[in-house]
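The values are calculated or read from the model by the stated rules, or taken from the named source; none is laboratory data. Nothing here was measured: the structure is a model prediction, and the numbers come from that model. With ideal geometry, Cβ positions are generated from the backbone for all residues, glycine too; neighbour counts draw on all protein chains shown. Accessible surface is based on the protein model in full, side chains and every heavy atom, while ligands, DNA and RNA are left aside. Shrake-Rupley method; radii C 1.70, N 1.55, O 1.52, S 1.80 Å.
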Amino acid sequence: MLKGYEALELSTQMIIKEAIQRGIDVEILDWDDNFIRLRKAGKIEYLKQATRTSIDSYISPLIMENKEVTKQILRENEIYVPDGVTIKQGDDYKAKISRFRGKDIVIKPKSTNFGQGVIILKGPYSENDVVTALEQAFKYDSSVLIEEFISGKEYRFLVIGEEVAAILHRVPANVTGDGKHSIVELVEEKNMDPLRGKGYVTPLEKIQLGFIEKEYLAFQSKDFDSVPEKDEIVYLRENSNISTGGDSIDFTDDIINEYKTIAVKAAKSVGAKICGADIIILDIKASPNKDNYSVIELNFNPALHIHNFPYKGRNRLVEKKVIELLGF
């Protein structure tokens, strides 16, 4: 925490600290909105939530916000993305979903961020499971995507300018059993870690126990009161967002450069200078091909702090890259 700025998101605090160290004047314009102004030698830059800057055009975040448009542009640039269909409220989803019969699927709002409303269904799943997932997704948007589930591990590539500044593998929210305590008790204990908090003012977010966690545990024949065996890892969600309690592991030096090139190309294809590219990779040492990777999402306003304070790994000092990109 940066003394005097504790009320701001951690990513914004990182930018401020780096700016001060470079002799840049910092002014907080709106504390609640994490809106700041940087000024030095007549140069002025405005930042909102650390990564919304003048470097990116207005249209780039709008493209990334719309997952269907993003996928279309990526396909046109010969970047592999999951097969999928769009469903609007009131549509006959049964006809459209038939193409995925026998396959694992992902159901998510067309326009959202931070993993909100995303549910993954792995077989066997029922029609009621699909209906429930659609209902959750429609809470966030009037249009929903149904996509094929891509096997592999998910990695967040942080693109800043012309390079990948950092890569994280994000592990879904989980607890490790001790044979004595219930899942709810294990979550309470894990949430006591000072690294976990709420509102992105800490490196990690607290694990929540809500509808999605309840449903995901039910698929495993468990509930909040279940007592996992000693050393048994119980996952509470399928999606691995840090914002929903996931753990972060740095992989910046472990993934071959070909995937970094794809991440930069993906960002460039939507005109983004600062972007979080989420890529599923089956084998991080194998050359990219249609069976080994898929870009599942591009994120505007990517968090910086997760790369400086990973659950496992080293600080990548990514705020320096942002300040340099702004020309200070």
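I'd like to know if segment 84-99 contains one or more residues that are within 29 Å of Glu205 (Cβ to Cβ) and among the hydrophobic types (A, V, I, L, M, F, W, C).
Within segment 84-99, not a single residue is within 29 Å of Glu205 (Cβ to Cβ) and among the hydrophobic types (A, V, I, L, M, F, W, C).
Only residues that are out of contact with any helix residue (DSSP H, G or I) (no Cβ under 9 Å at 6 or more places or on another chain) and either among the basic types (Lys, Arg) or part of a strand (DSSP E or B) (or both): list them for segment 277-295, please.
Asp278, Ile280, Lys285, Lys290, Ser294
If we scan segment 228-236, do we find a residue that is among the hydroxyl-bearing types (Ser, Thr, Tyr) and outside any strand (DSSP E or B)?
Among the residues of segment 228-236, not one is among the hydroxyl-bearing types (Ser, Thr, Tyr) and outside any strand (DSSP E or B), which makes the answer no.
Filter the strands (runs of 3 or more DSSP E) completely within segment 99-180 down to those with at least 1 residues that are in contact with a strand residue (DSSP E or B) (Cβ under 8 Å, 6 or more places away or on another chain) and of a type outside the set (A, V, I, L, M).
Per the criteria, 105-109, 143-148, 153-160, 163-171, 174-176.
Yes/no matrix, rows are residues, columns are (1) open to solvent by 30 Å² or more (accessible area, probe 1.4 Å); (2) under 30 Å from Val85 (Cβ atoms); (3) among the polar types (S, T, N, Q):
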{"site": "Asn128", "(1), (2), (3)": "yes, yes, yes"}
{"site": "Leu134", "(1), (2), (3)": "no, yes, no"}
{"site": "Lys153", "(1), (2), (3)": "yes, yes, no"}
{"site": "His169", "(1), (2), (3)": "no, yes, no"}
{"site": "Asn174", "(1), (2), (3)": "no, no, yes"}
{"site": "Ile183", "(1), (2), (3)": "no, no, no"}
{"site": "Pro194", "(1), (2), (3)": "yes, no, no"}
{"site": "Gly197", "(1), (2), (3)": "no, no, no"}
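How many residues does segment 75-85 hold that are surrounded by fewer than 18 Cβ atoms within 10 Å (Cβ to Cβ) and either at pLDDT 95 or above or within 16 Å of Lys268 (Cβ to Cβ) (or both)?
4
Here is a check on your reading of the model: is Gly102 open to solvent by 40 Å² or more (accessible area, probe 1.4 Å) and not charged (D, E, K, R)?
Criteria met by Gly102.
So if I check each of Phe328, Phe309, which one is out of contact with any Phe, Trp or Tyr (no Cβ under 9 Å at 6 or more places or on another chain), closer than 24 Å to Leu8 by Cα, aromatic (Phe, Trp, Tyr) and modelled with pLDDT of 95 or more?
The unique qualifying residue is Phe328.
Might you check whether a residue that is open to solvent by 60 Å² or more (accessible area, probe 1.4 Å), under 13 Å from Ile323 (Cβ atoms) and either outside the structural domain of Arg196 (by the TED database) or part of a loop (DSSP other than H, G, I, E, B) (or both) occurs anywhere in segment 9-20?
Yes, segment 9-20 has at least one match.
Just one of the numbered conditions (1) touching an Asp or Glu at 6+ places or on another chain (Cβ under 6 Å); (2) open to solvent by 50 Å² or more (accessible area, probe 1.4 Å); (3) in a helix (DSSP H, G or I); (4) not aliphatic (A, V, I, L, M) is not true of Gln72; which one?
Unmet for Gln72, out of (1) touching an Asp or Glu at 6+ places or on another chain (Cβ under 6 Å); (2) open to solvent by 50 Å² or more (accessible area, probe 1.4 Å); (3) in a helix (DSSP H, G or I); (4) not aliphatic (A, V, I, L, M): (1).
So, Ile274, is that one touching a Pro at 6+ places or on another chain (Cβ under 8 Å), open to solvent by 10 Å² or more (accessible area, probe 1.4 Å), closer than 28 Å to Arg75 by Cα and β-branched (Val, Ile, Thr) or not?
For Ile274, the condition - touching a Pro at 6+ places or on another chain (Cβ under 8 Å), open to solvent by 10 Å² or more (accessible area, probe 1.4 Å), closer than 28 Å to Arg75 by Cα and β-branched (Val, Ile, Thr) - is not met.
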